[in-house]
Structures are given as C-alpha cells and as structure tokens.
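Note sheet for the following structure.
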Amino acid sequence: MTNRRNIKITLNGTGFAADYTARTYGMIPHKNGVSIEFAGVTSGRMENAKRFAATHGIARAFVDHAAMVNELRPDIDNVACANFAHGPYTIEAANAGVGVIVLEKPPVIWPGFGEGREADARTRKIESMQFLSEVLDAVRRGGSKLLYAEDFIYVDGVKGLVELLIEARKTDKGRVLYQRGVCAHQGSHAPAYDTPSKSGGGALFNKACHPLGPCLFLKQVEGLLRDGNPIRPLQVSATALQILKHQEAITGEHFRVMQNVDDFGRITVVFEDQTVAEVVGHDLSISGIRNELSVITDFAQYDIRINPCNEIELFLPKSDAAGNLLLREKLPTSQGTSFPRPNQFYAHGYVNEMNDAVDCVLEAERFPQSGAMMAWDTMAVLMAGYESAENGGGFVDVSEYCQGRDFHRNEMPDPHRFGAVFQRV
C-alpha cells in the first residue's frame, strides 16, 4: 500500500452509468484515510457537464475528453459515456498516462458506424477486433491498467464461487461444466440505445454481455487455478432478433420498442475444453430487471439470483405509499407484490468493481481482476455472435482471436487476490 492520501478521479458521460459510477465511489470501504477527489467530468454538452458536476460535487466540467485528462492527469479515468466514444477515450486516457482506466462495456463498437459505412457481420467483427487491438496496444504503451467494467464479474456471488473453486482444487475438483445466465428488462432508457452508430448493437451486444462476463471469467479462473493457463472460448453460436418491432402496436405498451437494434439475443459459447455457456439478453422483461447466473461444476450447482432476490418480499395495495422509491431497478410499479433490492449498487457489483480500481492505484503491483483479456474475449464472442446470427445460427470459430493475441499475466485475473466473501471455521 502506498502512502498516498488523495486519488484524483475523472468521469465521462452524464447518464445512468456515469451517475452510478459517481455514487459508487462514495460507498467504497475506508482506505486508511485516503480521500477521493472528483476532479472533472465531460459531456458533449457543457450544460449537462455543469449540471452533473454540481450534483456530484465535481470540481471542473469539460466538453473535450483529451483536454480534461491532459490537464488534470487523473489517477482513474472512468469511460462511462455513449458506447461510440469508449475506444477513442481509452486511447486518449492512455496517451495522457492515466494510471487506471475504467472502461464500461462494450469496450468498442464497429468503427465503420462512425464512417457511415455498411458491412456484413464478419467484416464488422474483423474490423472491430482490429480496432480493439489498437486500443489495448495504446493502454500497454501508456503503462495504464485497464479495468473492463463488467459489474457481473464483481458481484459477491461470483467472488464466492471463485473461493469455492480454489478450495475444490485441493480435492482435484473445480471444473466448470455448464453455465447459464440472463440479463433483461423492458428496454434501455439510454437515448442512444436504438441507434447502432452510438450503441453498437442491441440486446445481444448490450445485455447478453453481462452474464457472458462471469462465464468467461470463471473459465479463465478455472484454467489458471489448474495449470496456469486460462480456458478461452472456441466457438460461438447466436441468435439476434427484433421481436416487438414485428408485433401490433398495442403489444409494446409496457416496453421500449426498438426499431433499429435487436431486442432479443442468445449466445452459446463452446470453450477449449468442450464445456458450454449459454446466455440470454432481452428487452421483454415486463417486471423489471432480471440478472441471474447458474453454474454447474463437477462438485456443485451454484445459482446466483442477483435481481430479483426473494430475501425481502413487499406487498403494496397502492403504489403511492412508496413515493418515489425505486425498490428494484427498472421496476415499472411498486404496486402489488415485489422483491425490493436494497443497496443495489452493492448487489450489482459496482462497489467491488470501483474498489478494485482504487486498489490498483494504491498498490503498484496490483492489476484489475477484469482486465484486457476479459475485454478482448468478450468482444470476440459478441461480434462472432452477430456473425453467427446473420448466417442462421451456425457456429463461428473464435480461436483466431483467443489464440492470436498474447496477454501478459497482469492482464489476466488473479483468483487468489479476488477477495473473500465467506467466513471460515
């Protein structure tokens, strides 16, 4: 641990992701008197940046990201803006020598969108991976640490399963055989979501990615614990559909009906060891957000019900009794029976995620658990998923990417430093 007493943080974006990012830093466990300084925020519109800065106590507002990071030289730069800016902003942060770059999903989108081009899914995959390679190369050159901010990886349930995998290895167990996950709600609130040139895609790209993250992570961890080599994806099959768009107008009453991106995505991943993960993302959950992951290993079945979780049950005859309380993310009404989720930022992994970023500033030898290899494998699977969907759901080989780029050890997880959540007897 260093003797630092101040960590300087900048944020990009003023929407939902930036809001929970700013709020989450205030929830991080005490760090021996280290204070967190919100130094700057960027937005494409100065009035939004100033309003966000006033709300969260941020010192400066900017419209230019490169100007902000070069002037302020933050310890952590949070790329939590519209998806199309993720890649360029990460390069700018690395060029400015930012110590830790927290990159929200997806890591990049197809660069052809910004150029007004059209292409088939295979071309989009190839060019997107080329662009991501340039982004990750810039991070390496700049000496930065990249935290790929997939919050599902950081939920306590996943941390607990890593602990179990470590213990199981002592009995020659610890093989992850089958994983199944879902992320869904009734349609993103982000204005840019239904614009491919800004979002990069729909439910497959922006929702199925969430349960995909821990599925990829747990296989990496399994391999590292067994023989020091992460287990990577081999083949991908997927479906991406627009369901609500093709129904009668009245069908979409309780949803945001997407016109330009998929509202249902399903991905099947076959790993190098012939184990399987299946994940679904969709905009058809009428009852609020659903975040779940089920894992079958050679020693146990492990089910993580992030949201909803039935540890608390509430019945309200009338919704007005709850005022403006959001009992569970995306819950459209509090009336009737619901399962409230207090402290959702903790439950969804945000606090553990940002705590990892802070630890990576305070400890020079520490690197993010969800790092460059997680961003790379995730992007390869998602883009291959769209290629598969465009060609009728057949399997697409991703070994050229997962075996074609070398990653340093510090760009992989370190399961023994992930953190403990279980007591011991």
Measuring from label point to label point, each 7 Å out along Cα→Cβ, what is the Asn32 to His416 span in nm? 2.1 nm
If I take R0 = 25 Å and measure r between the Cβ atoms of Leu326 and Ala54 in this structure, what FRET efficiency does the formula 1/(1 + (r/R0)^6) give, to the nearest 0.05? 0.70
Karplus couplings for the stretch 353-369 from phi (6.51 cos²θ - 1.76 cosθ + 1.60, θ = phi - 60°), rounded to Hz, Gly and Pro as x? 5, 6, 5, 4, 4, 5, 4, 5, 6, 6, 10, 4, 8, 8, 10, x, 5
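Within the chain, what percent of beta bridges assigned by DSSP are antiparallel, to the nearest 5?
On the way: 34 of 64 bridges.
For the chain, the DSSP antiparallel bridge percentage is about 55.
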Amide hydrogen neighbours beyond the local backbone of Leu234, cut-off 5 Å, H modeled: Val270, Phe271, Glu272
Using the Karplus equation 6.51 cos²θ - 1.76 cosθ + 1.60 (θ = phi - 60°), what ³J(HN,Hα) coupling, rounded to whole Hz, does each residue of the stretch 249-260 give in order, writing x for Gly and Pro? 4, 5, 4, x, 3, 9, 10, 8, 7, 7, 9, 10
Can you give the extra length, in nm with one decimal, that the chain gains between Asn6 and Ile250 once fully stretched, where that is 0.36 nm per residue apart less the Cα-Cα distance? 82.4 nm
Convex hull over the alpha-carbon atoms of the chain: what's its volume per residue in Å³? 154 Å³
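Label the stretch 266-425 by shape, choosing from rounded, prolate and oblate, from the square roots a ≥ b ≥ c of the eigenvalues of the Cα gyration tensor; if a/c is under 1.5 it is rounded, and otherwise prolate applies when a/b is larger than b/c, oblate when it is not.
Since a/c reaches 1.5 but b/c is at least a/b, the shape of the stretch 266-425 is classed as oblate.
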Exposed loop trypsin sites (Lys or Arg not before Pro) only (DSSP loop, at most 12 other Cβ atoms within 10 Å): please give the longest stretch of the chain free of them, not including the sites. 118-317
GluC sites (Glu not before Pro) in the stretch 312-360 lying in a DSSP loop, each with at most 13 other Cβ atoms within 10 Å of its Cβ, come to Glu313
Over the Cα atoms of the stretch 153-347, each weighted equally, I'd like the Debye log10 I(q)/I(0) at q = 0.09, 0.10, 0.12 Å⁻¹, rounded to two decimals. -0.40, -0.49, -0.68
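If N is the number of residues in the stretch 133-196, what value comes out of its Cα radius of gyration divided by 2.2 N^0.38 Å?
For the stretch 133-196, the normalised Cα radius of gyration is 1.69.
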Figure the gain on full extension for Thr171 and Arg117 (residue separation times 0.36 nm, minus the Cα-Cα span) and round it to one decimal in nm. 14.0 nm
Amide H contacts under 5 Å for Leu11, restricted to residues at least 5 apart in sequence or on another chain and with H modeled in the peptide plane, are Gly40, Val41, Thr42, Asn78
Arg226 versus Asp19, label points 7 Å from Cα toward the beta carbon: distance in nm? 4.4 nm
What is the distance in Å between the Cα centres of the stretch 7-62 and the stretch 284-330? 28 Å
Over the stretch 5-62: Rg over Rh, Cα atoms, Kirkwood Rh: 0.99
Kindly flag which residue pairs out of Lys125/Lys198; Lys125/Lys207; Lys245/Lys330; Lys8/Lys159; Lys50/Lys330; Lys8/Lys31 have an alpha-carbon separation exceeding 25 Å in this structure. Lys8/Lys159; Lys50/Lys330
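As a footprinting exposure proxy, order Tyr148, Tyr25, Tyr346 by other Cβ within 10 Å, with the fewest listed first.
Ordered from fewest to most neighbouring Cβ atoms within 10 Å, Tyr148, Tyr25, Tyr346 come out as Tyr346, Tyr25, Tyr148.
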Normalising by the residue count of the chain, find the relative contact order in percent from Cα pairs under 8 Å and 6+ residues apart. 19 percent
Would you compute, from DSSP H runs of 4+ residues alone, the mean residue ellipticity of the chain at 222 nm, taking -39500 (n - 2.57) per run and dividing by the full residue count, rounded to the nearest 500? -10000 deg cm²/dmol
In whole Hz, with x marking every Gly and Pro, tabulate ³J(HN,Hα) for the stretch 133-138 from phi via Karplus 6.51 cos²θ - 1.76 cosθ + 1.60, θ = phi - 60°. 4, 5, 5, 5, 5, 5
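Every number in this text was worked out from the coordinates using simple rules, so none of it is lab data. The structure displayed is predicted, hence computed values, not measured ones. All Cβ positions, even for glycine, are placed from backbone atoms using ideal geometry, and neighbour counts span all protein chains on display.
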